[in-house]
Structure formats: C-alpha cells, structure tokens
Amino acid sequence: MKRAFDAVYEMQMIAFQTLGEPGHTADEIDAAVREVCRARGYSARVDTIGLPVPPPDPRDDELEKNGRFYHGLGHSIGLEVHEYPFMQHTEKESLVPNMVMTPEPSLVKPDVFGCRIEDNILITENGAEWLEKHPRHLFIIE
C-alpha cells in the first residue's frame with residue numbers, strides 16, 4: 001500500500017506543479033500525471049466510457065498486473081462539485097488563473113488495494129495554491 005500511496009502522492013505533486021505553470025491545457029496535465037504513473041510501475045490505460053479512445057501505450061499491458069489509474073485526472077469546481085473543464089485526454093481547454101481544479105489521481109488493483117488523493121487547487125497568477133491545509137502523508141494505523 002505504501003508503494004501505491006507514494007506513486008499517487010507523486011502524481012498529485014506533478015498535477016500541483018503543472019497547474020502552477022501558466023498556459024497548460026487540461027489534457028497536458030492529465031498526460032504528465034499518467035507518465036508519472038507509468039514510471040512508478042502502474043498502468044495508466046484510460047477507461048473511456050463514451051469518450052474517444054486515446055492511442056494505446058504498449059507499456060500498459062505489462063504494468064496492469066501492478067494496479068491501474070482507471071479514470072480521468074480530475075475536474076474544476078465552482079457552483080457544482082464536478083464542473084468543466086475536466087482533466088482528461090480529450091480536453092484542450094487552457095487552465096488559467098482563478099480556476100479551482102480538483103486533481104484526484106488514484107491507483108486500484110481490484111480485490112487488493114485502492115488509493116486516491118484528492119485536493120482543491122487554486123490556479124493563481126504566481127503559481128498554484130493548496131486550498132486545504134492538511135498533512136500530506138500516509139497515516140498507518142496498526
């Protein structure tokens with residue numbers, strides 16, 4: 001579980017860092033996080049559920065045995081909990097200051113483990129800002 005948490009944590013930190021760099025599109029942030037996922041040894045194959053299928057990545061077949069990032073990276077929030085733009089492979093929307101985005105990377109291996117980190121992040125003129133003030137480490141209760 002610790003290995004999966006560390007991978008998801010790194011995925012979240014890449015999302016935060018990339019959201020803080022002006023001019024990125026939603027699909028670029030999703031792609032950056034998926035690269036971290038694969039580099040950490042997990043599949044990043046996308047379940048498209050009605051969306052166009054992204055080009056396959058041959059690494060995903062082998063990595064599937066370790067676990068997988070099943071869904072889009074996240075979404076905006078505002079008047080609704082889940083709002084456009086969505087951070088996924090089909091979304092070309094530029095993310096700009098004053099947007100609040102919710103990246104929620106996860107890893108799942110059915111019947112073995114599941115791990116997700118979800119934070120609200122404000123995009124500012126000077127970078128990104130966490131809207132939650134909480135510890136960002138794994139709590140292990142024995």
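Structure data summary
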read-out: Aspartates and glutamates whose Cα lies under 13 Å from that of K65, excluding same-chain neighbours fewer than 8 positions away; value: D111
read-out: Calculated P(r) of the range 1-41 - Cα pairs past 16 Å, %; value: 32
read-out: Two-site label geometry, E83 and V100: point separation in nm, points 7 Å out along Cα→Cβ; value: 0.8
read-out: Electrostatic dipole magnitude of the chain [Cβ: Lys, Arg +1; Asp, Glu -1; Cα centre; debye, to 20]; value: 480
read-out: Environment charge of I117, counting only residues whose C-beta is closer than 12 Å and scoring Lys/Arg +1, Asp/Glu -1; value: -4
read-out: 16 Å Cα-Cα reach of K2 towards lysines, excluding residues that sit fewer than 8 places from it in its own chain; value: K109
read-out: Positive-end extreme of charge dipole, the chain - chosen from G78, M11, L122 (charges on Cβ); value: M11
read-out: Cut-off 13 Å (backbone N to label point 7 Å along Cα→Cβ of M13), residues of the range 99-123; value: none
read-out: Formal net charge of residues neighbouring D27 (Cβ-Cβ distance under 12 Å; K, R +1; D, E -1); value: -2
read-out: L131-D61 FRET efficiency (beta carbon distance; Förster radius 25 Å; 0.05 resolution); value: 0.10
read-out: Size-normalised alpha-carbon gyration radius of the range 2-130, reference 2.2 N^0.38 Å; value: 1.01
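A short reminder: the numbers here are calculations on the coordinates, not readings from a lab. Since this is a predicted model, take the numbers as computed values, not measurements. All Cβ positions, glycine included, derive from the backbone under ideal geometry; neighbour counts span all protein chains shown.
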